[in-house]
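What follows is a set of notes on a single structure, which appears directly below.
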Amino acid sequence: MDYLQINGGKKLSGRVTISGAKNAALPVIAATILSDKPVTLTNLPNVVDIRTLLKLLTMLGGKVDHEGTVAHIDNSTINSHKAVYEIVAQMRASILVLGPLLARFGECEVSLPGGCAIGQRPIDLHLKALEAMGATIEIKGGYVHAIAPEGGLKGTKIIFDTITVGGTENTLMAAALANGTTTIINAAKEPEIVQLCEMLASAGVSIKGTGTSELTIEGTGGVPLTFPETRIIPDRIEAGTYLCAGAITNSEITLEAVEPEHIRATIDKLESMGFTFTIGENSITIHPAEVIKPVNIVTVEYPGFPTDMQAQLMAVAVVAEGESLIEERLFENRFMHVSELNRLGADIWLKGNTAAVKGVDRLYGADVMATDLRASSALVLAGLVAEGTTNVRRIYHLDRGYDDLEGKLAALGADIVRKKEQK
Ligand code: EPZ
């Protein structure tokens, strides 16, 4: 197993290019199931989760030619409608094939994802939405068995009790091939949802309300879609993580190939901590703070502060002068990084879903364990400023969602290398 070894204390400088967004690419890849023609996707990040979903497409019978940031996908040959446990257990986002498989083939079986390190993460809202569209759903043997009504899924009005990114994506994809009009109320508004809406619209699906909490989709009545080449949007969470790398080391670095508007909430919080920014059309430079001030954060849905940036901002708060309060509202167990940050000398107390972070003067390198994707990146950030050597273990979590994290940080001047665990 690989681990990352970081010798802390180096200032960063220079420019880093942000990759395509994992969480935008996953639904886009799933949406290709709605097509029986070849589709080309570009700007895919080089991360394990993308390879996992592409592998699932090949297991369903699709043809995938993937190299670097480009994938040519031909789903005209799909001959299985079953997403097996072995793949779904590796990556929950595999559930995104449920809506498109059901819409295109009228039936499918998708393994239930089960538990997750950051919370229970049920999929009840995905299933309720599909049932509202006329699907019959049964859970048997750990699988969701879904069957569309005679003649295909039916457009309807769906009101989500909770804002759900994946639930909105599955419903959008199902609605694209349904009969008639589907209205999604209390839809998620994340840039990833906007990308999916734009991709469906580029194939001729009429969608009103893109980027708002009410989406209206006119289904094609079962006619498969033809997509033009689709370029994945920049990864706002990767970008936010590099802003935090600049912040925690109090360095000046520039991010390129970003969409600044998508990172507004993170920039606002870092501004309130004393950092300043130069924002270009597709670039952001973070400038050092005179004093790193504490911050109060509540994680909410887009455009509010994202749960996927909570751990990284907490790492920065660890070295601020004063006490920060960080409240996690989306996932009940997304604080696994707290005890690992404390192993590096942080002073964080947890009460319910709020962390009180008392800034400390210095951190000390230690062995720490990555527990989930974003928690892992927070540990790497802390390692950049910890005195001595920090070894971040179990980095397979990082590899699922960060494209060459150590290469990009090393190019900015960090002393970070990937090593193999000695048996
Ligand atoms: C997406 O997960 C992201 N994953 C997550 O990123 C991100 O943390 C999350 O959205 C919130 O922004 C992908 O895009 C692949 P949700 P998703 O459905 O879609 C509850 C990362 O680090 N809920 O919006 O699974 C749920 O428990 C990952 O890249 C239900 O109750 O999140 C949570 O409290 C981690 N029932 C809330 O809604 C449902 O049926 C939001 O979850 C679905 C969700």
Heavy-atom accessible area of residue 80, protein chains in place, probe 1.4 angstrom, given in Å² to nearest 10, is 30
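Over region 348-423, what number does the Rg to Rh ratio reach, with both radii from the alpha-carbon atoms and Rh per Kirkwood? Kindly include the intermediate steps, with their values, before the conclusion.
Values: Rg = 13.5 Å, Rh = 13.6 Å.
Expressed as Rg/Rh, it is 0.99.
Computed over the Cα atoms of region 82-137, what is the ratio Rg over Rh, Rh following Kirkwood? The partial results should precede the final answer.
Details: Rg = 11.4 Å, Rh = 11.8 Å.
With Rg and the Kirkwood Rh in hand, the quotient comes to 0.97.
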Computed for region 1-156: size of charge dipole around the Cα centre, +1 on C-beta of each Lys and Arg, -1 on C-beta of each Asp and Glu, debye to nearest 20, value 620
Too long for a 30 Å Cα-Cα cut-off, among 11/419; 10/419; 11/55; 63/208; 22/63, are 11/55; 63/208
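Within region 141-229, list the GluC sites (Glu not before Pro) lying in a DSSP loop whose Cβ has at most 13 other Cβ atoms in a 10 Å radius. Walk me through the numbers on the way to the answer.
On the way: sites: 150, 169, 192, 198, 214, 218, 229; in loops: 150, 229.
Answer by residue number: 150, 229.
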Regression test value, accessible area per residue of region 196-308, probe 1.4 Å, units Å², expected 38
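Any idea what the dipole of region 225-351 comes to, in debye rounded to 20, about its Cα centre with Lys/Arg Cβ at +1 and Asp/Glu Cβ at -1?
Numbers: 9 positive and 20 negative charges, 53 e Å.
Its charge dipole is roughly 260 debye.
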Here the averaged projected area of region 207-280, based on the convex hull of its alpha-carbon atoms and given in nm², is 7.2
XL table 269/351; 140/189; 128/189; 128/351; Cα-Cα > 25 Å flagged, in table order, is 140/189; 128/351
Probe 1.4 Å, all chains present, heavy atoms only: residue 340 accessible area in Å², nearest 10, is 30
Counting sequence-distant residues (5 or more places) and residues on other chains, those with an amide H built under 5 Å from that of residue 17 are 256
Rounded to the nearest 10 Å², the accessible area of residue 293 using a 1.4 Å probe with every protein chain kept is 100
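Report, in deg cm²/dmol and to the nearest 500, the calculated mean residue ellipticity at 222 nm for the chain, where each DSSP H run with n ≥ 4 adds -39500 (n - 2.57) and the sum is divided by the residue count. Before the final figure, lay out the partial values.
Values: 14 runs with 130 residues, N = 423.
Theoretical 222 nm ellipticity from helices: -9000 deg cm²/dmol.
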A chain fully extended from residue 349 to residue 77 at 0.36 nm per residue, minus the present Cα-Cα distance, gains in nm 92.6 nm
Karplus ³J(HN,Hα) for region 62-72 (6.51 cos²θ - 1.76 cosθ + 1.60, θ = phi - 60°; Hz, whole; x = Gly/Pro) runs x, 10, 10, 10, 10, 9, x, 9, 10, 10, 9
In the chain the accessible area split gives carbon plus sulfur, as whole percent at 1.4 Å, a share of 49
Taking only the Cα positions of region 380-423, the convex hull volume per residue in Å³ is 83
Sequence order, region 354-369: Karplus ³J(HN,Hα) from phi using 6.51 cos²θ - 1.76 cosθ + 1.60, θ = phi - 60°, Hz rounded, Gly and Pro as x, gives 10, 10, 9, 10, 8, x, 10, 6, 8, 10, 10, x, 7, 7, 9, 10
To the nearest 10 degrees, the tilt of helix 22-31 (Cα long axis) against the first principal axis of the alpha carbons of the chain is 10
Taking the alpha-carbon centre of each part, the distance from region 163-177 to region 26-50 in Å is 16
Counting Lys and Arg as +1 and Asp and Glu as -1 over every other residue whose Cβ sits under 9 Å from the Cβ of residue 4, the net charge comes to +1
Between the alpha carbon centres of region 135-160 and region 77-104 the gap in Å comes to 14
Answer check: region 68-199, Cα atoms, Kirkwood Rh, Rg/Rh ratio of 0.95
Probe 1.4 Å, heavy atoms of protein chains only: per residue, the accessible area of region 1-153 in Å² is 39
With every protein chain kept in place and a 1.4 Å probe, region 338-423 has an accessible area per residue in Å² of 45
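Only sites in a loop by DSSP and with at most 11 other Cβ atoms within 10 Å count here; which trypsin sites (Lys or Arg not before Pro) in region 257-336 make the cut?
Numbers: sites: 264, 269, 329, 334; in loops: 329, 334.
Within region 257-336, no trypsin sites (Lys or Arg not before Pro) qualify (loop, at most 11 other Cβ atoms within 10 Å).
For the chain, compute the orientation-averaged projected area of the C-alpha convex hull (one quarter of its surface), in nm². Intermediate values should be presented prior to the final figure.
Numbers: hull surface 75.7 nm².
Approximately 18.9 nm², given one-decimal rounding.
The values are calculated or read from the model by the stated rules, or taken from the named source; none is laboratory data. Quantities reported herein were computed from a predicted structural model and do not represent experimental measurements. Virtual Cβ from ideal backbone geometry, glycine too; neighbours counted across all protein chains shown. These accessible areas exclude ligands, DNA and RNA; they are computed on the full protein's heavy atoms, side chains included. Shrake-Rupley method; radii C 1.70, N 1.55, O 1.52, S 1.80 Å.
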